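What follows is a short report on a single structure.
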Amino acid sequence: MNRSDTEVAKSVLSTAGLQNVSSFQECDTVLLMTCAIRESSESKIWRRLHHYRLVAKQQGRSIKIGVLGCMAERLKEKLLCNSGFSIDRLTSGAISNLEPHPSQSVGADFVCGPDAYRDLPRLIANAHAGIQGASVALSLEETYADVRPVRRCQASEDALEGNQSSPSAFISVMRGCDNMCTYCIVPFVRGRERSRPLSSIIDEAAQLFEAGVRNITLLGQNVNSYCDHSVPQSRTLTSATHLTPGFHAIYRPKLGGLRFVNLLDEVSRISPELRIRFTSPHPKDFPPEVLQLIAERHNICSHLHLPAQSGSATVLDRMGRGYTPDAYLALVETVRKTIPGVAITSDFIAGFCGETEDDHEASVQLIKNVGYSFTFCFPYSMREKTRAYHRLVDDVPLETKNRRHLELRAVGRQASLEFNRAQIGQIQLVLVEGRSRRSFEDVFGFNDCNVKVIFPRMMAQSPTTGATSNATTLNPGDYVAVRVEEATSQTLRGRALWKTTLKKFHEDSHECTYENTNFTMRLQC
């Protein structure tokens, strides 16, 4: 979401006539897009604030610094320079190498919440006039549907030839969250759920495709609870929200509107050559019709993120997640029956309030039982304003949290390794994204399961003729059939066989025998 918000903010500033520059030496204003999910994320911002202040002072420059996003929404005016936050208030040892003066301020000149990016030009102008400001009001309506984000080009280390744009893009389709999980700060820093009109999403996606984008990720804090009420009533549904069997929500079922299945249906019809992904969903919002559509449309990737957070029924209840481990496992079984070969990823929190060793072991076993393609594991970080902050006790010692976190991560990596090793020998469709950071001779892309695949940029041999005289150079945006030859827990390595299209790859037979090789390869769609 931070990347999407950054692109929105860039668009607002560009429209106002402000210019983005490529280096700190050229700028007069620094904007920091922030996250407030974990304390560690905020600590990094405090250190970065101090770094920019110190460097500017050493260079004899006067710059203005703005803090944007969720941390700005959470701390508001406390982030400003005169708010009493100073370097000696930071975590001990975090910036010890900088030897700051105890009274030196590290605050910002202005703060801007996630629903106030349209106010950035005014905040910046006021800051340069010596006026601090904070625009942090949450909105029940703001979706930035009319703002066309300024897409970020690939980083120079990834680019192949000059300043190439990435073939992938993000589209924010909804903002906020109504789930109110006890540990989560998101509803308090990003507000209530509201969805963009479907028509504006389709227009943006179509424009991106025409501009060369071939992979779109639909974004939302709870993306699969998307519900567009902007259409005429004759086009809306009249039934209540359909939830995953065995799951429940803490809020009233939403009536009417175009749902996530309608969004996926419309976006996937733009072109059979446009890959569709989405994140981050909630497991409760996967009714059968959504899963069936994913199975039917080859350009909707066979990768689902199903955040479990814990494998313990007691902890899940304390978290307010709305399901039990049994219901979650039933969903996993349904997903795998409906979408053969699907990759499932997940989130886990280590050391939540009251978590016992038995609770932790239940999470370990869930990771082993499901066999995720990847898991994101984090030690629990208590956040002010959350229900856990007001009602529960953060009673798991830090060292215990860290140990459990490392154990979850180790089990998750083993599951990822096993998942990736099972793909060795398969021929997979990969969209080339850019140059590998470890070798200028290799490129990287992602397969249907969202696993990174690395392979040589030069495709020297034709799979049909065996010719080597007409080597093919691969570039970002190319769809390539790649044979997987090696696997680690995070990446696959392979060999490009032929350039193709998304549609043609999925139309080809799953058993392909080439005249020049006398062997059969497995096609993984």
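If L417 passes every condition in (1) out of contact with any Leu (no Cβ under 6 Å at 6 or more places or on another chain); (2) part of a strand (DSSP E or B); (3) not polar (S, T, N, Q) but one, which one does it miss?
(2)
Kindly check whether there is at least one residue in the range 215-225 that is at pLDDT below 95, surrounded by 21 or more Cβ atoms within 10 Å (Cβ to Cβ) and over 14 Å from K254 (Cβ atoms).
For the range 215-225, residues at pLDDT below 95, surrounded by 21 or more Cβ atoms within 10 Å (Cβ to Cβ) and over 14 Å from K254 (Cβ atoms): present.
Could you check the range 387-402 and list, in sequence order, the residues that are out of contact with any Asp or Glu (no Cβ under 8 Å at 6 or more places or on another chain) and in a helix (DSSP H, G or I)?
Within the range 387-402, R387, Y389, H390, R391, L398, E399, T400, K401, N402 qualify.
Among the residues of the range 250-270, how many are buried (at least 16 other Cβ atoms within 10 Å of the Cβ) and either part of a helix (DSSP H, G or I) or polar (S, T, N, Q) (or both)?
8
Against the condition within 20 Å of S416 (Cβ to Cβ), among the acidic types (D, E) and out of contact with any helix residue (DSSP H, G or I) (no Cβ under 9 Å at 6 or more places or on another chain), how does D347 come out, does it pass?
yes
Between a first residue in the range 12-23 that is in contact (Cβ under 8 Å) with a residue 24 or more places away in the chain and a second residue that is among the aromatic types (F, W, Y) and outside any loop (DSSP other than H, G, I, E, B), which pairs have beta carbons less than 6 Å apart while being 6 or more apart in sequence or on different chains?
V12/Y117
Surrounded by 21 or more Cβ atoms within 10 Å (Cβ to Cβ), polar (S, T, N, Q) and closer than 28 Å to N2 by Cβ: is that true of S280 in this structure?
no
Just one of the numbered conditions (1) touching a residue at least 40 places away in the same chain (Cβ under 8 Å); (2) within 21 Å of I131 (Cβ to Cβ); (3) in contact with a Ser or Thr (Cβ under 9 Å, 6 or more places away or on another chain) is not true of T29; which one?
That leaves (3) as the condition not met.
In the range 286-331, which residues are farther than 17 Å from K368 by Cα, touching an Asp or Glu at 6+ places or on another chain (Cβ under 7 Å) and in a loop (DSSP other than H, G, I, E, B)?
C301, S302
Checking S230 against (1) part of a loop (DSSP other than H, G, I, E, B); (2) in contact (Cβ under 8 Å) with a residue 40 or more places away in the chain; (3) farther than 25 Å from A295 by Cα: exactly one of these is not met. Which one?
Among (1) part of a loop (DSSP other than H, G, I, E, B); (2) in contact (Cβ under 8 Å) with a residue 40 or more places away in the chain; (3) farther than 25 Å from A295 by Cα, the lone unmet condition for S230 is (2).
Taking the range 271-285 only, how many residues are under 30 Å from V393 (Cβ atoms) and either of a type in the set (D, E, K, R) or assigned to a strand (DSSP E or B) (or both)?
Residues in the range 271-285 being under 30 Å from V393 (Cβ atoms) and either of a type in the set (D, E, K, R) or assigned to a strand (DSSP E or B) (or both): 1 in total.
Among G17, G69, which is at positive phi, buried (at least 21 other Cβ atoms within 10 Å of the Cβ) and not polar (S, T, N, Q)?
G69
The values are calculated or read from the model by the stated rules, or taken from the named source; none is laboratory data. Here the structure is a predicted model, which means the values were calculated and not measured. Please note: Cβ atoms are built from the backbone with ideal geometry, for glycine as well, and neighbour counts cover all protein chains shown.
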